[in-house]
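*Asks:* Here it is, the structure, as structure tokens.
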Amino acid sequence: MPGPVIIITGTPGTGKSTHAQLVANDSPIPLKNINISEYVKENALYENYDEEWQTYTVDEDRLLDNLEPLVAQGSLILDWHTCDVFPERWPDLVVVLTCNHTKLWDRLEKRGYPLKKIQENNEAEIMQVVLEEARSSYPAEIVVELESETSEQLESNVSRIIAWINSWLENHKNS
């Protein structure tokens, strides 16, 4: 039986990749963890590189076509700063990580992001852009908001997601 498809999303700097890796490591079943930003680069699923923003412009159609067979197999974590590009039928769980904008600013600064990119991401976090995208794109019962500011919260969040996976497996054992 294939496992669930989980999207872990949030503004850059909220801890998506760390959460996704820890969930994959601790999961009771093998889950393939895909960092979408890296996946796009590795598979050349972009239109160009935006120098000003220091980021790739993703070819969303090619990305979705490329991911479709992997999603169909299940047992997957998709880690990306946006989620509304993914079809509603894909995820079993959408985790939106949030972080106080002051902490987020510090995290992005440490990454060496240009000021304009730090400001835009910080504004997106304050306005809860990613959370609103998730809430407007998926059923309310599969969208979970988790605060991601401390190592204690990270640990608690991973435990909650693992508990959700166990529950999902229990509910789907006869599927």
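*Asks:* May I ask you to list the residues in the range 84-110 that are of a type outside the set (Lys, Arg), without any contact (Cβ under 8 Å) to a residue 40 or more places away in the chain and open to solvent by 50 Å² or more (accessible area, probe 1.4 Å)?
*Replies:* Once the filter is applied, which keeps residues that are of a type outside the set (Lys, Arg), without any contact (Cβ under 8 Å) to a residue 40 or more places away in the chain and open to solvent by 50 Å² or more (accessible area, probe 1.4 Å), the range 84-110 yields HIS101, THR102, TRP105, ASP106, GLU109.
*Asks:* All but one of (1) touching a strand residue (DSSP E or B) at 6+ places or on another chain (Cβ under 9 Å); (2) open to solvent by 80 Å² or more (accessible area, probe 1.4 Å) hold for VAL130; state the number of the condition that does not hold.
*Replies:* (2)
*Asks:* Sort out which residues of the range 137-154 are closer than 20 Å to PRO12 by Cα, open to solvent by 50 Å² or more (accessible area, probe 1.4 Å) and either in contact with a Pro (Cβ under 8 Å, 6 or more places away or on another chain) or in a helix (DSSP H, G or I) (or both), and write them in order of number.
*Replies:* Across the range 137-154, the qualifying residues are SER151, GLU152.
*Asks:* Kindly indicate whether LEU93 is modelled with pLDDT of 95 or more and closer than 17 Å to LYS16 by Cβ.
*Replies:* Judged against the criteria, LEU93 is a match.
Residue-wise test of (1) modelled with pLDDT of 95 or more; (2) closer than 30 Å to PRO139 by Cβ; (3) not aromatic (Phe, Trp, Tyr).
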residue: VAL5; (1), (2), (3): yes, yes, yes
residue: THR11; (1), (2), (3): yes, yes, yes
residue: THR14; (1), (2), (3): yes, yes, yes
residue: VAL23; (1), (2), (3): yes, yes, yes
residue: LYS41; (1), (2), (3): yes, no, yes
residue: ASP50; (1), (2), (3): no, no, yes
residue: GLN54; (1), (2), (3): no, no, yes
residue: GLU68; (1), (2), (3): yes, yes, yes
residue: PHE86; (1), (2), (3): yes, yes, no
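*Asks:* Just checking, does the range 24-40 include any residue being closer than 16 Å to ILE162 by Cβ, part of a helix (DSSP H, G or I) and acidic (Asp, Glu)?
*Replies:* There is at least one residue in the range 24-40 that is closer than 16 Å to ILE162 by Cβ, part of a helix (DSSP H, G or I) and acidic (Asp, Glu).
*Asks:* Under the condition of being over 17 Å from VAL96 (Cβ atoms) and either open to solvent by 10 Å² or more (accessible area, probe 1.4 Å) or polar (S, T, N, Q) (or both), which residue from the range 1-21 is farthest from the chain's Cα centre (by Cα)?
*Replies:* MET1
*Asks:* Looking at the structure I just gave you, is GLN119 without any contact (Cβ under 8 Å) to a residue 40 or more places away in the chain, on the phi > 0 side of the Ramachandran plot and open to solvent by 30 Å² or more (accessible area, probe 1.4 Å)?
*Replies:* no
*Asks:* While we're on this one: Does THR18 satisfy the criteria of being in a strand (DSSP E or B) and either at pLDDT 95 or above or β-branched (Val, Ile, Thr) (or both)?
*Replies:* no
*Asks:* Further question: How about the range 22-35: which of its residues are surrounded by fewer than 23 Cβ atoms within 10 Å (Cβ to Cβ) and not small (Gly, Ala, Ser)?
*Replies:* Scanning the range 22-35 gives LEU22, ASN25, ASP26, PRO28, ILE29, PRO30, LEU31, LYS32, ASN33, ILE34, ASN35.
*Asks:* Residues that are open to solvent by 30 Å² or more (accessible area, probe 1.4 Å) and out of contact with any helix residue (DSSP H, G or I) (no Cβ under 8 Å at 6 or more places or on another chain): which strands (runs of 3 or more DSSP E) entirely in the range 41-83 hold 3 or more of them?
*Replies:* 46-50
The values are calculated or read from the model by the stated rules, or taken from the named source; none is laboratory data. Computed from a predicted structure; not experimentally measured. Reconstructed Cβ throughout: ideal geometry from the backbone, glycine too, with neighbour counts over all protein chains shown. In case anyone asks, the SASA skips ligands and DNA or RNA and just uses the protein heavy atoms, side chains included. Shrake-Rupley method; radii C 1.70, N 1.55, O 1.52, S 1.80 Å.
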